[in-house]
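Enquirer: Handing you a structure now.
The values are calculated or read from the model by the stated rules, or taken from the named source; none is laboratory data. For clarity, every value in this text was computed on a predicted model and none was experimentally measured. Every residue, glycine among them, receives a Cβ derived from its backbone with ideal geometry; neighbour counts consider all protein chains shown.
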Amino acid sequence: MTAVRIIRRFTCGAVAMAVLCGVPKTAQLSQQPGELVIRLLDAYAQGRPEQAVAALRDVGDFQELSRGMVEHAPVWIAAAAAQPERDRRRRVAALVALEAGRVALDSADTWAQVRELVEWGCVQVRSGPPTEFERVWLLASISLIHGAGDIYFLTARAVGGQMTVPFAPIAHRDHARQRFPDQPRFHLAPIVLRREVVLLTNRPGVLVGYFAGARATAPEVEGQVRETIDDLRALTALPAVEAEARLRMGILWFQLGDLQRSIDELGLAASLPGDPFVSYLAHLFSGLAHDHGRQPAAAIQHYEAALRVRPHARSGVTALAASLFLTPRRGEASALIDASFAVPSVVDPWRTHAFGDLRFWPEYLAQLRNGVRP
Amino acid sequence: MIGLVLVAALGSLLAEGAQRQSVFRSSATVVSVDVSVRAGDRAVGGLGPDDFIVTDNGVPQQITAVDLATVPIDLTLVVDVSGSTAGRIAQYRAAVVEIARLLHSEDRFRLIAFATDVTEVVPLQPAARRPPVDRLTVGRLTSLNDALITALVRRVDLDRRHLIVAFSDGDDSFSVTPTSRVFQVARRAEAVLHLAISPASARVMAPVPPGANAATPGIRYGGGLQAQGGFPAEPDAIRTLELAAQATGGQRLSPGFSGSLVGAFRVAFQDFRSSYVLQYRPTGVPLEGWHSIGVTLARPHDYTVRARNGYFGG
């Protein structure tokens, strides 16, 4: 077979097929979607998930893939001789759907193509009594939905604005809560995607003044923020999410200009053990709140505390360097910046906090892959 | 559009001895001030100490030295590679290489790129070395303020000058630092900052290019943010950045900016190369606190005189 140049957006992933077959990439005009689906599922079921994911990255048309999965995966599942293996294959199919979702997250266009496949995967895991695999699968699916910012997937309704729904809403949150009513993150999940939270957490400090102007022209915005704060307050009764709920309350109070309430909630969030992501952001936002309150010494202390949690994180480094530069410690600012560039890139919670639970994806994926091992 | 931040930092010269005398930090303080004197587009040459009048907090000062910019330059380019620059990255890479060629062998070059994050693409290196511009890749959002802070706080060797030129096509959308902090830092920075910022335009996030960082997918459908087309702008942000540049003795290069990266740099660089470096030892004023600097010419003129507007002493 002659090797020819591959065009990326090739129906049914000819390259994906080549990857799975372990042969050089070639263009094959007449690949059947079913063949690709079967090979993806087989690779995953045989303990080669990375090979399957590599093939997914070369899929040109996720809608085609979705149709193929819906049509051919049930046959593949049913082909297993014994029920335990059929159950495992069902989990594999659901996980492949999720992996496709992760790959498709790179683009708004591809996420739109794959979201119904993810929902199809949800149907697969919901068959039978609730299991631990299902619980983690649902958590993982929500992490992707957070990454996409797809509130319509989660709540089946638009929230605010005049945005038209571009595709079918799916009440995924309801699926999760019905199966696991006591899972705290399923209660927090939709709040993370609310407009007030999404809008505000990316421009803190800047928006302290925003609301001052918005109050006169859009007073309902403040009301919505306060409602969200109330909903978050209710979640502080759940230990598993208390710290994050307080963190997000602290950020929203900051945006409303109530610096003292902000500082109080952020202080509580930072004091709770467990999640360094939350702790870092609680200190960072505390620093910002103190900066706005003209308390530079306290701000510096909090920026330094944030960097003890996550050394060299860019947001903390920049905030601290800028603050130090205005003090007799200005000479430290340059060294701080230089040191941060001298180390490999650090995942900065500031850069990822708007994507909610996506930060848990690697952890969930590891558990799920363990749950389908041959 | 690419954002270039060139920071020109004015280094103060050691008068004598091995002890470091830095601007604003020593009891034997020597203040150095970059002064641009232009007649329209033309730099005015041939001026000496007697041609300038310098005041420090309103008190006339004795100018001890005037230099016509023979001090080596540290150039920091800060490049906007946010999502809206997709499709122009090859042009930007070529422009950076061309800009680096304009420097002299004794000059040094640093390249900072910013999108959602701020990255030091090229650490400070001799200008003669070709910058590895293939490391410039397109990102998503715009951390302009954080990038400016990163460039401005840099400590500058006393025998060098630091030039920063910033060029960006949009409002900041992701910095942790507000624009007011950029202004505060600029007032204290050892640099001259020029800004080439076009009017706020791209509020809508560009599609993620193939191969973009999958660890930071964009917010696509969350709330009303995408429907609104982006993040709300910080009030008066552009004006604040203009004031920040002026505080350093620099300026905003737009409006009227042609859109050429190299063209913008040539304007800023020519101005910087042809600037005078005035030195004086502050007398008759307490060293601590803010010092307002006034620079004028002794004789009537139609020239434009530009210098940093002050420094923090002590």
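Enquirer: Testing A:ALA45 on (1) more than 23 Å from A:LEU358 (Cβ to Cβ); (2) small (Gly, Ala, Ser); (3) in contact with a helix residue (DSSP H, G or I) (Cβ under 7 Å, 6 or more places away or on another chain); (4) at pLDDT below 95, one condition comes back false. Which one is that?
Expert: Single failed check for A:ALA45: (4).
Enquirer: Picking from A:LEU368, A:LEU272, A:LEU358, A:LEU284, which residue would you name as being within 8 Å of chain B (Cβ to nearest Cβ), more than 30 Å from B:VAL122 (Cα to Cα) and in contact with a helix residue (DSSP H, G or I) (Cβ under 7 Å, 6 or more places away or on another chain)?
Expert: Of A:LEU368, A:LEU272, A:LEU358, A:LEU284, the one residue that is within 8 Å of chain B (Cβ to nearest Cβ), more than 30 Å from B:VAL122 (Cα to Cα) and in contact with a helix residue (DSSP H, G or I) (Cβ under 7 Å, 6 or more places away or on another chain) is A:LEU358.
Enquirer: Just checking, which of A:TRP111, A:TRP120, A:TRP76 is within 14 Å of another protein chain (Cβ to nearest Cβ) and among the aromatic types (Phe, Trp, Tyr)?
Expert: Exactly one residue qualifies, and that residue is A:TRP111.
Enquirer: Separate question: Suppose we keep only residues that are more than 14 Å from chain A (Cβ to nearest Cβ), without any contact (Cβ under 8 Å) to a residue 40 or more places away in the chain and touching a Pro at 6+ places or on another chain (Cβ under 7 Å) within the stretch B:105-119. Which one would you say is surrounded by the most Cβ atoms within 10 Å (Cβ to Cβ)?
Expert: Only one residue fits best here, namely B:PHE109.
Enquirer: So which of A:GLY209, A:GLY205 ends up being out of contact with any helix residue (DSSP H, G or I) (no Cβ under 7 Å at 6 or more places or on another chain) and at pLDDT below 50? I'd like the intermediate steps shown before the answer.
Expert: Numbers: A:GLY205 fails: out of contact with any helix residue (DSSP H, G or I) (no Cβ under 7 Å at 6 or more places or on another chain).
After applying the criteria, what remains is A:GLY209.
Enquirer: From B:ASP50, B:ASP67, B:ASP56, which residue is touching a strand residue (DSSP E or B) at 6+ places or on another chain (Cβ under 7 Å) and modelled with pLDDT of 90 or more? It would help to see each step written out before you state the result.
Expert: Numbers: B:ASP50 fails: touching a strand residue (DSSP E or B) at 6+ places or on another chain (Cβ under 7 Å); B:ASP67 fails: modelled with pLDDT of 90 or more.
It is B:ASP56.
Enquirer: On to the next question. Among A:LEU144, A:LEU138, which is surrounded by 24 or more Cβ atoms within 10 Å (Cβ to Cβ) and more than 14 Å from every other protein chain (Cβ to nearest Cβ)?
Expert: Values: A:LEU144 fails: more than 14 Å from every other protein chain (Cβ to nearest Cβ).
Of A:LEU144, A:LEU138, the one residue that is surrounded by 24 or more Cβ atoms within 10 Å (Cβ to Cβ) and more than 14 Å from every other protein chain (Cβ to nearest Cβ) is A:LEU138.
Enquirer: Hey, can you tell me all the residues within the stretch B:266-310 that are among the hydroxyl-bearing types (Ser, Thr, Tyr), within 16 Å of the chain's Cα centre (by Cα) and either surrounded by fewer than 21 Cβ atoms within 10 Å (Cβ to Cβ) or farther than 30 Å from B:ARG101 by Cβ (or both)?
Expert: Within the stretch B:266-310, no residue meets the criteria.
Enquirer: Among the residues of the stretch B:62-96, write down those that are crowded, with 23+ Cβ neighbours inside 10 Å and within 17 Å of the chain's Cα centre (by Cα).
Expert: Residues satisfying the conditions are B:ILE73, B:ASP74, B:LEU75, B:THR76, B:LEU77, B:VAL78, B:VAL79, B:ASP80, B:VAL96.
Enquirer: Would you mind telling me which numbered condition in (1) more than 24 Å from A:PRO84 (Cα to Cα); (2) over 25 Å from the mean Cα position of the chain (by Cα) A:LEU65 fails?
Expert: So A:LEU65 meets the others, but not (2).
Enquirer: Right, another one. Are any residues in the stretch B:147-159 at pLDDT below 95 and facing chain A (nearest Cβ under 10 Å), and if so, which ones?
Expert: If the condition is that a residue be at pLDDT below 95 and facing chain A (nearest Cβ under 10 Å), then B:ARG154, B:ARG155, B:VAL156 are the ones that fit.
Enquirer: Which ones in the stretch B:121-137 are of a type in the set (A, V, I, L, M, F, W, C) and either modelled with pLDDT of 90 or more or touching a Lys or Arg at 6+ places or on another chain (Cβ under 9 Å) (or both)?
Expert: Within the stretch B:121-137, B:VAL121, B:VAL122, B:LEU124, B:ALA127, B:VAL133, B:LEU136 qualify.
Enquirer: Test of understanding: among A:ARG226, A:ARG233, A:ARG185, A:ARG194, which residue is modelled with pLDDT of 65 or more, more than 14 Å from chain B (Cβ to nearest Cβ) and under 20 Å from the mean Cα position of the chain (by Cα)?
Expert: A:ARG185
Enquirer: Just the residues that are of a type outside the set (Lys, Arg) and in a strand (DSSP E or B), please, taken from the stretch B:76-115. Walk me through it before giving the result.
Expert: Of the residues in the stretch B:76-115, the ones of a type outside the set (Lys, Arg) are B:76-87, B:89-92, B:94-100, B:102-107, B:109, B:111-115.
Passing the criteria: B:THR76, B:LEU77, B:VAL78, B:VAL79, B:ASP80, B:PHE109, B:LEU111, B:ILE112, B:ALA113, B:PHE114.
Enquirer: For the stretch A:303-320, does any single residue satisfy the condition of being in a loop (DSSP other than H, G, I, E, B), crowded, with 20+ Cβ neighbours inside 10 Å and out of contact with any Phe, Trp or Tyr (no Cβ under 6 Å at 6 or more places or on another chain)?
Expert: The answer is yes, given that some residue of the stretch A:303-320 is in a loop (DSSP other than H, G, I, E, B), crowded, with 20+ Cβ neighbours inside 10 Å and out of contact with any Phe, Trp or Tyr (no Cβ under 6 Å at 6 or more places or on another chain).
Enquirer: Sticking with this structure for a sec: Here is a list: A:VAL96, A:VAL114, A:VAL19, A:VAL103. Which entry is at pLDDT 95 or above and touching a helix residue (DSSP H, G or I) at 6+ places or on another chain (Cβ under 9 Å)?
Expert: None of the others qualify; the one that does is A:VAL96.
Enquirer: Turning to a different aspect of this structure: Test of understanding: among A:ALA52, A:ALA73, which residue is within 17 Å of A:LEU365 (Cβ to Cβ), crowded, with 21+ Cβ neighbours inside 10 Å, at pLDDT 90 or above and not aromatic (Phe, Trp, Tyr)?
Expert: So the residue among A:ALA52, A:ALA73 that is within 17 Å of A:LEU365 (Cβ to Cβ), crowded, with 21+ Cβ neighbours inside 10 Å, at pLDDT 90 or above and not aromatic (Phe, Trp, Tyr) is A:ALA52.
Enquirer: Okay, next question. Could you grab me the full set of residues in the stretch A:313-329 that are at the interface with chain B (Cβ under 7 Å from one of its Cβ atoms) and not hydroxyl-bearing (Ser, Thr, Tyr)?
Expert: A:ARG314, A:ALA319, A:ALA321, A:ALA322, A:PHE325, A:LEU326
Enquirer: Just the residues that are free of Cβ contacts under 8 Å to residues at least 60 places away in the same chain and either touching an Asp or Glu at 6+ places or on another chain (Cβ under 7 Å) or at positive phi (or both), please, taken from the stretch A:114-147. Break it down into steps so the answer makes sense when it comes.
Expert: Residues of the stretch A:114-147 free of Cβ contacts under 8 Å to residues at least 60 places away in the same chain: A:114-131, A:134-135, A:138, A:141, A:145.
Within the stretch A:114-147, A:ARG115, A:VAL125, A:ARG126, A:GLY128 meet the criteria.
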